[in-house]
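The values are calculated or read from the model by the stated rules, or taken from the named source; none is laboratory data. As the structure is a computational prediction, the values presented were derived from the model and not from experiment. Quick reminder, even Gly has a Cβ in these numbers, built from the backbone with ideal geometry, and neighbours come from all protein chains shown. Note: accessible area is taken over every heavy atom of the protein model, side chains too, but ligands, DNA and RNA are not part of it. Shrake-Rupley method; radii C 1.70, N 1.55, O 1.52, S 1.80 Å.
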Amino acid sequence: MASTSPPQDRHFAEFVQLLGGQDVAWYTMLKQMLDETPAVDNLHHALDPLLPLISVAEEGAGMSVEQLTHVVDGTLQSMRIKLITLQLQDRFNEHYAGAINVYTQDHVKWFRFISGLLNDQQGRVSEGRISDSVLACRKFLKLLMAALRALPPQYVTRDRSVVRGVAWVYPEPANPFMEEYFFPGRRIYFFTMRSFSLSEEIAKSFADQRGHQAATMFHMAAGSIGYSISDFSALPQENEVLFMILDEAVVQKVDVDESDGRPLYRVMLRHLIPEKGQPEKTAEIQALGARCQLNVSELAYFFQEGRQRPTTMDKDAIASAELVNQAFDALVAAIERDIQGKAALFLVGATGAGKSTLACWLSGSALSIEYESVPAHQVADSGGGRGARARMRGQVASRGTPSLRIARGSTEEFSVGRDNITSHTFLPQAKTVHAAEKAIVLVDVPGFFDTSGVEVQLAIDLALRHLVNQASSSHIVAMVDITTVASERGASFRRLLEKLDRHFPKVGSKFPFRIAVTRCDETFAGSMQQEWMDTFFGILDQICPGMSDADDAVVFVNQDLYAPSTRTYSPVQFLELPWKGAQNLMHSSQAPLHADCLDPYIERFTKQFVQQGFQMMLNACLKGVGATIEYDENIESSWGDAQRVADEYCVALEGYATRLKEASEALRLDERLIIQEEVPSMNKLLCMKQPRLMLCAIDAEEAFMLGQMKLQLRNFAVIEKVIEELKKENDHRGRLWSHHILRLQEQTSSVKAQLSSQAADIGYENLAQMLGEIDWGTVLKRTTAAAALAAVGPLMIGVGIVAGPGALTAAAVSLVVPGWALGIHSAWSKMTLGFFDSVGVSRTLGRTLGLIEEANQASRKHMDTLVRLRAVNRALLKR
C-alpha cells in the first residue's frame, strides 16, 4: 500500500520555511513540475494517473480503480446540477467544480493522499528527480489551480481574514517555543494546497483534536487572495478557503491565548501576493544582460515570476539587496555610455504621466488626439474612475475619452505605453537631439513610483542619481498628470514634489527641475480645468515656495507645446530653455552626490535586516564557520571532558573577542561596518552614501551587537553560577583552594559591575533583573528539543542554530547558554572535588570571564560609534 507521511512530518510541513538547500531544491523542482505540466480541462484525465495508487492506499477506502472512476462520474453529475442551482453554468464548468469537490471529499480522501505524497520528505524525490507517485498528482494539481483562478470574483476572499486551526505546536508539543519558531518576518511557503476557514469557531474545532495540551491558530490577514469553495465543497459547513500551492506568507507576530486553560498560540500571517509576470520587461532585461555581459538572473526571474527567487531564511535580506544591485546595474548599463560627459534632459514622473509622449514630440514625432469609446456603465458611474472624469468634461456622450497618440506615419522614437497604469518597459531610453547647435541627450526614465516592488523602486532612485552625475550638465522635467493632482487631495503630486526636492536640491536660488503638466486644457479637463489648476498651484506653493513665480518653471504641455494654435515653444525652443544662462542646471562637478534621494518606503526594505534570519547570518560571519562546540551528554562523567570542552569554548570565545575588537576599531577609524565586510551586496549599496541606507545598516548592526551583549550576559550568568557552586562545595568539604575561588569572585564582581551598565543599555533596570529571567530548565529543555529539529535542517532557536542531534553549533561562540557550562552545573551533585584540577578550573573560568569582559568592552565601543554615525546620517536627512 502507498504510504503517506506520519503525523509529525505532516505538521513539520504545515508551514514550510526554506531552511536549507533541500527545501529550496524541492521548491524549485515542484514549481518546474507544475510550470511544465500542460493545462488539463477534464477531471477524468487529471485523476487517471492517481487511481491505481490511491486504490491500494488507506485513503482510497478499499475501492478499485473502476469504483473510483464511478465516484468521479458521480461528482461531475452533481456539480452540473450545482452550477445550475447557482446560476453559474455559463461561467464555470463542471470539471473545475468537480476538481474542487474532489479535493474536499471525505470518504475517498483524495487530498490527504496527495498531501502525504507532497510532504513525504524521504519519498518525494528519487535519485535526484521527482518520484513517480508525485508526478502522478501533477495533472490534478494543475486542474485544481486552474479551477481556483477561474472562480468568479465573489469567491475571492480579499476583504476578509481567514483562520486555520492545527492540533499541534511547534516544533513539537513536548517542547514548544513558538515565538522563536515563528519570529516576525519569517517567510513561509505552502508545499501543498492549504485550507483555512472563514469561521474561527470551525478552525478552533480542528485545533482541539488529538488531545494535545496546546494548539495553534494561523490567522491570514485581510487583503490576501484565497478562494472560498464552500459552494462546491463536499463539506460546505467548514466554510473552507483555499490557498494555492507554493503561495508565500510572512509572519507578523505570535500571541498566546490561555483563556481556556491551555495555551492556544495565534500566529498572524500576511499573504505575500506575487505581481503578475511581465514578459516584456523580462525579455528586455535578458537581452541587455546578453548584450552587456551583465548578471541579471535574479532581476529577470523577478519580472518573470512577479516575486523574488526563494532562498533560505538567512539569505532573504541578502537576496533582496542583490536584486537592488542587479536592477541598478541594468538601469545604468542601458544608457550610461550615451550620457557620459554630455548635456542631458531627464524626463521623470509616474507611469502614465506622459514622459514617453513628450520625448517623442521633442524628437520630432507628430501627435494626434484619439477618442476612446467608454462603456455606458462607466459613463453612469459616480465614482472617481476614468468614466466619471470624462463625464465631467462633457466628452463621453459625443466622442469618448481623449488620449494623445503618435500620429500615423510618424516615427515613435520612444516606446509609448497604451494605458496610464502599466509600464511595459523597465530600462531608461536615451536619444541625442540637437538644439541651437548643442547636442542634448533626451532620457526617458522609468516610472518614478514604480509598483513592481520596493527593490525595483530603490534601484530606480539610486540609478537616476548616478546617471545625473554622469552627465556634464543636466536638467529635470517632471511630468504631472493634472487628474492625479485632483485625486486623493493631491497626495501623489505632493509625493512627487517632495521626491524632486530630495533628489535635486536648489542650485542657488534656482530649481534644477521644471514641472510639465499634462491633460490640463479644455479638451482633456473640460469644466474642471480651473479648479484643478488652483489645486495644483496651491500644493506647489506649499512644497516648493517661489517656484510658481519663476519664469518657465511650470509648463502646461497640451496648450504650451502640443496645440499649434496656443503653442509657446517649439521642440527646439523647449530644449534650449534650461541651458539659457545655465543657472538652473546641475553640473557633475557640483552634483549633490550625498543628498538623500530615497523615500520613506525604504523601511519595507530595511526592516528585514534587523530580523532574525539576517542576524543569524551575521552571527555566523562574525564568529567564523569553522569552530564548533559539541555538547556530549556524557560530559558529566569526567571533569577532564568538561575541562576539554571548556577550553574549546575559551578558544572560540577568544577568536570571537579578537574579531569583534578588530571590527570595532575598523568602525571607529574608517566608519566601515561589519555588514560591509561580510555582505558584498550591502557594501555596494552603502558605498552610494545614501543616509537612509546607512541608517538601515546601522540599525541592523546595532541589533546584532545588542544580541551579542545579551548573549555574553547569559554566558556570564552561567559562569557565575558555576563559581557559586564551587564555593558551596569547597565550604562544605573544607578544601584548601579557597584562594582560587576568592580570586574568581573578585574578578566576577569586576566584570559584573561592567555588565550591569550594559544590561541597562538593552532595556533592563539592572543585571539582576536580566539574570532573573533566565529559566535554566527551559534552556535545557530547548537544548534537548534541538536534536528533534535537526531532521528538517538548520533552524533558528532564539539566536542559535541547531545543526544536528546532540550538537550546539555556535560557529565560534555558543549562541545559547553554553552546553558545557550547563552540563557542569547539572553535574555538581554527582561529582567530587577529587576529580578536579583546582588550578585548571580557576584558570579556565578566569580566562572565560576575561574574554567576556573583552568582548563586551569591544561591543560597547562599537555601539558608541554606531550612535555617533546614526546622528550624522539623521542630520543628513534633515538638510
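A few comments on the model shown:
- Filtered residues of the stretch 664-714 (kept if of a type in the set (S, T, N, Q) and not in a helix (DSSP H, G or I)): Gln690
- Residue ID - nearest to the chain's Cα centre (by Cα), chosen from residues in the stretch 463-490 that are open to solvent by 30 Å² or more (accessible area, probe 1.4 Å) and not charged (D, E, K, R): His466
- Within the stretch 179-189, being among the aromatic types (Phe, Trp, Tyr) and in contact with a strand residue (DSSP E or B) (Cβ under 6 Å, 6 or more places away or on another chain) holds for Phe182, Tyr189.
- Scanning the stretch 69-92 for residues that are outside any helix (DSSP H, G or I) and open to solvent by less than 20 Å² (accessible area, probe 1.4 Å) returns Leu88, Phe92.
- Residue check for Val267: modelled with pLDDT of 95 or more and buried (at least 17 other Cβ atoms within 10 Å of the Cβ): no
- Breaking point among (1) open to solvent by less than 10 Å² (accessible area, probe 1.4 Å); (2) touching a residue at least 60 places away in the same chain (Cβ under 8 Å); (3) not hydroxyl-bearing (Ser, Thr, Tyr), for Cys520: (2)
- For Ser259, the requirement of being of a type in the set (S, T, N, Q) and modelled with pLDDT of 95 or more is not met.
- Residue list for the stretch 116-141, filter: more than 15 Å from Tyr27 (Cβ to Cβ) and modelled with pLDDT of 90 or more: Gly116, Leu117, Arg129, Ser131, Asp132, Ser133, Leu135, Ala136, Cys137, Arg138, Lys139, Phe140
- Among the candidates Leu323, Leu358, Leu331, residue that is among the aliphatic types (A, V, I, L, M) and at pLDDT below 95: Leu358
- Count of residues meeting criterion [at pLDDT 90 or above and part of a loop (DSSP other than H, G, I, E, B)] in the stretch 199-218: 1
- Here the condition is being in contact (Cβ under 8 Å) with a residue 40 or more places away in the chain and either under 18 Å from the mean Cα position of the chain (by Cα) or part of a helix (DSSP H, G or I) (or both); of Lys276, Lys281, it holds for Lys281 alone.
- Tally, over the stretch 551-575, of residues that are closer than 20 Å to Phe511 by Cα and open to solvent by 50 Å² or more (accessible area, probe 1.4 Å): 3
- Considering Gly707, Gly655, the condition of being touching a Gly at 6+ places or on another chain (Cβ under 7 Å) and either modelled with pLDDT of 90 or more or surrounded by 17 or more Cβ atoms within 10 Å (Cβ to Cβ) (or both) is satisfied by Gly655 alone.
- Positions within the stretch 682-695 being open to solvent by 10 Å² or more (accessible area, probe 1.4 Å), over 15 Å from Asn873 (Cα atoms) and touching a residue at least 40 places away in the same chain (Cβ under 8 Å), in sequence order: Lys684
- A search for C-beta distances below 6 Å between a residue of the stretch 746-757 that is at negative phi and any residue that is open to solvent by 70 Å² or more (accessible area, probe 1.4 Å) and assigned to a helix (DSSP H, G or I), counting only pairs 6+ apart in sequence or on different chains, returns nothing.
- Count of the stretch 736-756 residues which are touching a Leu at 6+ places or on another chain (Cβ under 7 Å) and at pLDDT 75 or above: 7
- Selection status of Glu66, out of contact with any strand residue (DSSP E or B) (no Cβ under 8 Å at 6 or more places or on another chain), surrounded by 15 or more Cβ atoms within 10 Å (Cβ to Cβ) and without any contact (Cβ under 8 Å) to a residue 60 or more places away in the chain: no
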